[in-house]
Amino acid sequence: MALPQDLVREFDELVKNYPEKRAALILALHRCQETMGGWISPDIMEDLAAYFALEPVEVYGVASFYPMFRLRPVGKHVVSICHNISCDLRGAQDVIAQVCKLTGAPLHGTSQDGKWTVATVECAGACANAPMFDLDGVYHEDLDAEKIAKILGAVK
Ligand code: FES
C-alpha cells in the first residue's frame, strides 16, 4: 500500500464525520495531493479505492472530474493561471506568456529543472480582481508584469 499510515489514521477519523465512508473521498484526494508530491498517482488511487471499498475506476472518475486534482507529476511549485473571460479581458494571455518565460515551463508543462509547473484553470472566483493566478494554493490578484516578476522572483 502506497498510502502512509499517518494518512490512513487521518482518514479513519475523517470518515467518522460522514454517514457513508465514500463521502470523504474528495477530502482524502485533497490530502493525498497535498502531502504526496502534489499529484495523485495511479497507485494512490488504487489504495484509496481499497480503503473506501470502491472500484479504482470510481476513484479515477472523481479525481479526473475535478480540475483541482492533478493526475500527473508536477514541479515543486504550481502556477495555475485563470484564463476565463474576466481574466482574459484583463490580460491573462500576457500573464501566461510572462509566467512561462520567467519560469521556463511550457504551458501545461513543467520546467526542466522541476521547479515550476504552469497551467491554466477555469474561473477561480476572483473575477473582480482579474487577472489572477494561484501559486501553490495562494491567490495573487490584480496582476501586472511588475507584480508577477516580484511574486515569482521571491519563490525559492
Ligand atoms: S475569470 Fe478569472 S477569476 Fe473569474
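Looking at the chain, send over the antiparallel percent of its DSSP beta bridges, to the nearest 5.
Restricted to the chain, the bridges split so that about 55 percent are antiparallel.
Across the chain, how many lysine pairs separated by 8 or more positions, or lying on different chains, have Cα atoms within less than 16 Å? Please report the intermediate quantities before stating the final value.
Details: K76/K115; K76/K156; K101/K115; K101/K147; K101/K150; K115/K156.
So the count of such lysine pairs works out to 6.
With r defined as the distance between the Cβ atoms of R9 and M68 and R0 fixed at 25 Å, what FRET efficiency is calculated, to the nearest 0.05?
About 0.55, to the nearest 0.05.
Which residue, C123, C100, C87, tops the fluctuation ranking in a GNM of the chain built on C-alpha contacts under 10 Å?
C123
Okay, helix-only estimate at 222 nm for the chain: each DSSP H run of n ≥ 4 adds -39500 (n - 2.57), divide by all residues, round to 500 deg cm²/dmol; what do you get?
Values: 7 runs with 68 residues, N = 156.
When only DSSP H runs of four or more count, the value is -12500 deg cm²/dmol.
Rounded to the nearest 5, what % of DSSP beta bridges with both residues in segment 77-153 are antiparallel? Please report the intermediate quantities before stating the final value.
Details: 8 of 15 bridges.
Bridges in segment 77-153 that DSSP calls antiparallel: roughly 55 percent.
Dividing the Cα convex hull volume of the chain by residue count, how many Å³ per residue is that?
Numbers: hull volume 19.3 nm³, N = 156.
Value for the chain: 123 Å³ per residue.
Using 7 Å Cα-to-Cβ label points, what is the S86/V57 separation (nm, one decimal)?
The two pseudo-label positions are separated by 3.9 nm.
Laboratory data are not the source of any read-out in this text; all were calculated from the coordinates shown. Note that the coordinates shown come from a computational prediction; the quantities given were computed from them, not determined experimentally. Reconstructed Cβ throughout: ideal geometry from the backbone, glycine too, with neighbour counts over all protein chains shown.
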